[in-house]
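Novice: I'd like to ask some things about the structure below.
The values are calculated or read from the model by the stated rules, or taken from the named source; none is laboratory data. Keep in mind the model is a prediction, meaning the values are calculated, not measured. Cβ placement follows ideal geometry from the backbone for every residue including glycine, while neighbour counts extend to all protein chains displayed. Ligands, DNA and RNA are excluded from the accessible area calculation, which covers all protein heavy atoms including side chains. Shrake-Rupley method; radii C 1.70, N 1.55, O 1.52, S 1.80 Å.
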Amino acid sequence: MERSATRVIARSDVNEWLAHILHHRDVIAPTRSPGGDTMFAPITSPDDVLWDFENPLAPPKQFLLPQTEPLAHFRRIDGHMHVEPVAEQRERVLFNVRSCDASALAFLRETYARDLADDVVERRAASLTVVTLACSVPCELGFCVCTDAGPFLRRDFDVQLTDLGDAFFVEVGTDKGRALVGLADALFQDAASDDQARRDASELAARAHFGGETCHFGSAMRRISTKRVADELWESMSAWCLDCGGCTHVCPTCYCFSVSDTPPADGCSTRCRLWDSCQYSAFTLEATGHNPRTAHGERMKRRFHHKASAQYFQRDGRVGCVGCGRCVKVCMGTTDMPTVIAAIRHGTWDGGRAHA
Amino acid sequence: MPNLLLPSVATILTQRDETPDVRTYALRFRDPDERAGFAFTPGQFLELSVFGFGEAPFCLASSPTRGPDVEVTVRRCGRLTDALHTLGPGDEVGLRGPCGNGFDVDAARGKDLVFVAGGIGLPPLRSLIWNVFDRRREFGRVTILYGARTPSDLVYKDELRDWERQADVTVRVTVDRTGPGWDGTVGMVPVLFDHVELNAATSLAYVCGPPIMIKFVVQDLLKRGFAAEHVISTLERMMQCGVGKCNHCCVGHRYLCRDGPVFNVREITEMWE
Ligand SMILES: Cc1cc2nc3c(=O)[nH]c(=O)nc-3n(C[C@H](O)[C@H](O)[C@H](O)COP(=O)(O)OP(=O)(O)OC[C@H]3O[C@@H](n4cnc5c(N)ncnc54)[C@H](O)[C@@H]3O)c2cc1C
Ligand code: SF4
Ligand code: FES
C-alpha cells in the first residue's frame with residue numbers, strides 16, 4: 001500500500017525509532033560535549049540526542065565537507081607510484097538538524113554537482129540522510145525567513161519533524177527518508193487532518209515570533225550586482241573586520257578549499273582537501289608574488305559578491321546565505337551578514353551594530 | 001574522469017633545460033588507455049602533481065596534433081617546482097586534466113595569426129603554433145613576436161629558428177637587456193611592432209606573458225586597429241582545483257579555471273569583481 005508522506009510518531013516512541021536507526025546507521029546529532037556546550041557529533045545512545053538546544057556554532061557541513069579530507073594515498077611500491085582513493089564510510093544519518101543547516105547542505109550538494117560533478121562529495125551526500133527538526137521556536141539571531149531557508153522547510157529534507165508536544169509530525173521528503181521511517185514503520189501512524197492543522201499552526205506561530213534580525217537581500221543584491229557599492233564603503237567596513245576568517249568557518253554554505261599533500265615519508269604521502277577562506281590575504285597570492293586582492297576591502301567585497309550577487313543567484317538558484325546567524329555570533333568586529341547587507345542598502349557605514 | 005580530484009600517474013620521458021630556471025618535460029600517461037584517450041585543445045592546462053608536494057597548474061605546451069604524449073615547460077619558483085626540478089626521465093608525476101577552455105582553433109581558420117609572447121608566456125602559444133604548422137593550409141600568414149628579459153631567458157631557442165624557416169612565417173625576437181653573443185633587437189616586446197607589417201582586418205592576435213606586458217601589447221594592438229574581440233589572451237590567477245570548485249581563481253562570478261584561462265580582450269575588459 002502506498003504510504004502517506006505525512007506521519008505521526010508519539011514522543012514516547014521516538015527513542016525506540018532512534019535505537020532502530022542506530023542499529024543500522026551511524027547517527028550524528030546535536031549533543032552535549034564533555035565541556036558542556038552543544039555540538040554535532042556521532043551518538044551511541046538515543047538519550048544523547050538533544051531536542052531543546054541552541055544550534056551548535058559549528059554547522060553540520062563538516063559531515064559533507066570534512067575540514068581535513070584525505071582524498072588519496074600515494075604509495076611507492078617497487079619503484080612505482082600508486083594512487084589509492086580513500087574509500088568512503090557507511091551510511092550516516094544527520095538527526096535534528098535545523099532547517100537553515102539542511103538548506104545549506106542542499107546548497108553545497110548542488111554546488112558540487114553542478115558543471116563538473118565532484119563524485120566524492122556526491123557519494124557522501126548520497127550516503128547522508130537528513131532529519132530536520134523544524135524551528136517551532138525560532139532562534140534569537142537567525143533570519144532564515146529572509147533567505148527562504150526556515151524556520152520550516154518545504155524542500156531539502158529527507159524527514160522533517162515538527163514537535164507537537166505529545167507527538168512529532170513527520171514529513172517524508174524523499175526515498176531515503178521513507179527508508180529511515182521504514183526501519184520502525186509500526187511506530188508511525190498516518191497523520192490525521194487535525195495533526196496537519198497543529199503542524200501548520202506551529203509554523204505560523206514560529207513566523208510570528210521571529211527574532212529582531214532581518215536581512216534585506218533584494219535591494220543589496222541589486223546594488224552589488226550593478227557595481228553600485230562604492231570601493232570606499234568596502235574600505236571603511238573592512239576596518240571593522242579582524243581578517244580572522246571565523247565567519248567563513250562557521251558559515252554552513254562557505255566552501256572554499258585548498259589541496260595539500262602531507263610531507264612524503266618513505267615514498268608515501270596523503271593528498272588532503274582542506275577548508276580555506278577567501279578572507280585570508282594569501283588566498284589569491286600567486287607564485288610570482290603578485291596578489292590581485294591585496295586590499296582588505298577587496299576580500300570583503302569578494303565574500304559578499306559570492307553570497308549575494310544576482311550573478312551567483314542566477315547560477316545557484318539560491319542566495320549563498322541561509323540566515324543561521326552564526327556570523328553574527330562569531331564576528332569579533334561588526335561585519336556580519338545582516339550588518340553588511342544593511343550598510344550596502346543604505347550606502348553608508350557607521351561602524352556597524354553594537355554587539356550584545 | 002573517475003574522480004574529479006584524483007591524479008593519474010605519468011612518467012617523465014625527457015627533460016630539456018630552456019634557461020637556468022626553466023625546463024621542458026615530456027610526459028606519458030602510464031596507463032595505455034588513458035594515454036590513448038587523452039584529448040585536449042591548445043590553451044588548456046594540466047594540474048601536475050609532484051607526489052608529496054601538491055599540485056599546480058601548467059599549460060599544455062605541446063600540440064594535440066603531435067600524439068598523446070604531452071609537454072610542459074616549467075619555471076622553478078617555489079616548493080612544487082623546486083621538487084619537480086629534482087626529477088628526471090623515468091620518474092613519475094601525477095597529471096589531472098585537461099582543464100580550462102583552450103583556444104578556439106576553428107575560429108582561427110582562414111585568418112592571419114599574430115602571436116605575441118613574453119618570457120614564460122610562450123608555452124601556451126607554442127601549443128597553438130605547432131597546431132597551426134601541422135594544419136598549415138588552413139591558416140594565413142603567421143607572425144611570432146617574442147621577448148624575454150635577457151638572451152639566456154629565451155625559451156625554445158632552437159625552435160624559434162625552425163619556425164622562421166617555415167613558409168609565410170615571420171619571427172621577431174627581442175630582449176630587455178642585451179647579453180653575451182646577442183646581436184638582435186633590444187627593448188620591450190612592443191618595440192617589435194615597428195619591425196613587422198600587420199593587417200588588423202584579417203588577423204587574430206594571441207598575447208601571453210606577464211600582466212604588464214599584456215597590458216602594453218594589447219594597447220598597441222588596439223591602436224593598430226585590432227578589434228578587442230580579435231585580441232585573445234590568457235589570464236592567470238592562483239589556482240588549486242582547476243575544476244571550478246575551490247574558488248581560488250574567481251574574478252567576480254567567472255572562474256578562470258573553467259570559463260578561462262583564454263578570453264578575448266573584450267571579455268577581459270568587461271570582467272569585474
Ligand atoms: C592556468 C595557469 C597556467 C600556468 N602555466 C604555467 C606554465 O606553463 N609554466 C610555468 O612555469 N608556470 C605556469 N603557471 C604558474 C605555475 O602554476 C606556478 O608557477 C606554480 O604554481 C608555482 O608553484 P610552486 O609550488 O613551485 O610555488 P610556491 O611554493 O607556491 O610559491 C612560489 C614562490 O613565490 C614566492 N613568493 C610567494 N609569495 C611571495 C611574495 N609575496 N613576494 C615575492 N615572492 C613570493 C615564494 O618565495 C615561492 O618561492 C601557470 C599558472 C596558471 C594559473
Ligand atoms: S535560522 Fe531559522 S532555521 Fe536556523 S535555527 Fe534559527 S530559526 Fe531555525
Ligand atoms: S582553481 Fe579552483 S575554482 Fe578555479
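Novice: Please state which of the following conditions B:Ile214 fails to meet, knowing it meets all the rest: (1) touching a Phe, Trp or Tyr at 6+ places or on another chain (Cβ under 9 Å); (2) on the phi < 0 side of the Ramachandran plot.
Specialist: Of the numbered conditions (1) touching a Phe, Trp or Tyr at 6+ places or on another chain (Cβ under 9 Å); (2) on the phi < 0 side of the Ramachandran plot, the odd one out for B:Ile214 is (1).
Novice: Pairs only if they're at least six apart or on different chains, beta carbon under 8 angstrom, first in the range A:172-197 and of a type in the set (Lys, Arg), second surrounded by 15 or more Cβ atoms within 10 Å (Cβ to Cβ); list them, first residue then second.
Specialist: Within 8 Å, the pairs are A:Lys176/A:Thr129; A:Lys176/A:Asp158; A:Arg178/A:Val172.
Novice: Out of the strands (runs of 3 or more DSSP E) lying entirely within the range B:35-146, which hold 3 or more residues that are under 26 Å from B:Arg254 (Cα atoms) and of a type outside the set (S, T, N, Q)?
Specialist: So the answer is B:45-50, B:54-59, B:92-99, B:112-118.
Novice: Report yes if A:Asp175 is open to solvent by 20 Å² or more (accessible area, probe 1.4 Å) and in contact with an Asp or Glu (Cβ under 9 Å, 6 or more places away or on another chain), otherwise no.
Specialist: Taking the combined requirement at face value, the residue satisfies it.
Novice: Determine which member of the set B:Thr178, B:Thr269, B:Thr170 is part of a helix (DSSP H, G or I) and away from every other protein chain (no Cβ under 12 Å). Talk me through it step by step, then tell me what you get.
Specialist: Values: B:Thr178 fails: part of a helix (DSSP H, G or I); B:Thr170 fails: part of a helix (DSSP H, G or I).
Going through B:Thr178, B:Thr269, B:Thr170 in turn, just one is part of a helix (DSSP H, G or I) and away from every other protein chain (no Cβ under 12 Å): B:Thr269.
Novice: Can you pull out the residues in the range B:98-123 that are open to solvent by 20 Å² or more (accessible area, probe 1.4 Å) and either more than 12 Å from chain A (Cβ to nearest Cβ) or over 23 Å from B:Thr170 (Cβ atoms) (or both)?
Specialist: B:Pro98, B:Asn101, B:Asp104, B:Asp106, B:Ala107, B:Arg109, B:Gly110, B:Lys111, B:Asp112
Novice: For the subset of the range A:332-353 comprising residues that are among the hydrophobic types (A, V, I, L, M, F, W, C) and in contact with a Cys (Cβ under 6 Å, 6 or more places away or on another chain), which member is farthest from A:Asn55 (Cα to Cα)?
Specialist: A:Ile341
Novice: Also: Suppose we filter B:Arg79, B:Arg126, B:Arg75 for residues that are within 11 Å of ligand 1 (Cβ to nearest atom) and in the same structural domain as B:Val189 (by TED's automatic domain parsing); which single one remains?
Specialist: Working: B:Arg79 fails: in the same structural domain as B:Val189 (by TED's automatic domain parsing); B:Arg75 fails: in the same structural domain as B:Val189 (by TED's automatic domain parsing).
Only one candidate qualifies: B:Arg126.
Novice: Right, here's the next one. When you check B:Leu221 against the structure, is it open to solvent by less than 20 Å² (accessible area, probe 1.4 Å) and away from ligand 1 (no atom under 16 Å from the Cβ), yes or no?
Specialist: Here the answer is yes, as B:Leu221 does meet what is asked.
Novice: Among the candidates A:Leu64, A:Leu57, which residue alone is more than 14 Å from chain B (Cβ to nearest Cβ), over 21 Å from A:Ala206 (Cβ atoms) and away from ligand 3 (no atom under 16 Å from the Cβ)? Working first, answer last.
Specialist: On the way: A:Leu64 fails: more than 14 Å from chain B (Cβ to nearest Cβ).
After ruling out the rest, the residue left standing is A:Leu57.
Novice: State which residue is farthest from ligand 1 (Cβ to nearest atom) when the search covers only the range B:225-260 and only residues that are in contact (Cβ under 8 Å) with a residue 40 or more places away in the chain and more than 13 Å from chain A (Cβ to nearest Cβ).
Specialist: Only one residue fits best here, namely B:Ala228.
Novice: Looking at the range A:224-253, which of the residues that are within 13 Å of another protein chain (Cβ to nearest Cβ) and open to solvent by 30 Å² or more (accessible area, probe 1.4 Å) is farthest from B:Val50 (Cα to Cα)?
Specialist: A:Arg228
Novice: Something else now. Restricted to the range B:56-82, and to residues that are among the charged types (D, E, K, R) and touching a helix residue (DSSP H, G or I) at 6+ places or on another chain (Cβ under 7 Å), which residue is surrounded by the most Cβ atoms within 10 Å (Cβ to Cβ)?
Specialist: Among those residues, the one meeting the criterion is B:Arg75.
Novice: Tell me which of these A:Gly142 doesn't satisfy, since it passes every other one: (1) within 16 Å of ligand 3 (Cβ to nearest atom); (2) small (Gly, Ala, Ser); (3) in contact with a Gly (Cβ under 7 Å, 6 or more places away or on another chain).
Specialist: Answer for A:Gly142: the failing condition is (1).
Novice: Tally the residues that are facing chain B (nearest Cβ under 8 Å) and in contact (Cβ under 8 Å) with a residue 12 or more places away in the chain, restricting the search to the range A:272-295.
Specialist: Total meeting the criteria: 4.
Novice: Right, here's the next one. Which members of the range A:309-335 meet the condition of being within 12 Å of chain B (Cβ to nearest Cβ) and buried (at least 22 other Cβ atoms within 10 Å of the Cβ)?
Specialist: A:Ser309, A:Gly320
Novice: While we're here: Within the range A:64-76, does at least one residue satisfy the condition of being touching a Lys or Arg at 6+ places or on another chain (Cβ under 6 Å), among the small types (Gly, Ala, Ser) and closer than 30 Å to A:Ser260 by Cα?
Specialist: Yes; the residues of the range A:64-76 include at least one that is touching a Lys or Arg at 6+ places or on another chain (Cβ under 6 Å), among the small types (Gly, Ala, Ser) and closer than 30 Å to A:Ser260 by Cα.
Novice: Would you say A:Cys256 is in contact (Cβ under 8 Å) with a residue 12 or more places away in the chain and facing chain B (nearest Cβ under 10 Å)?
Specialist: So A:Cys256 fits the description; yes.
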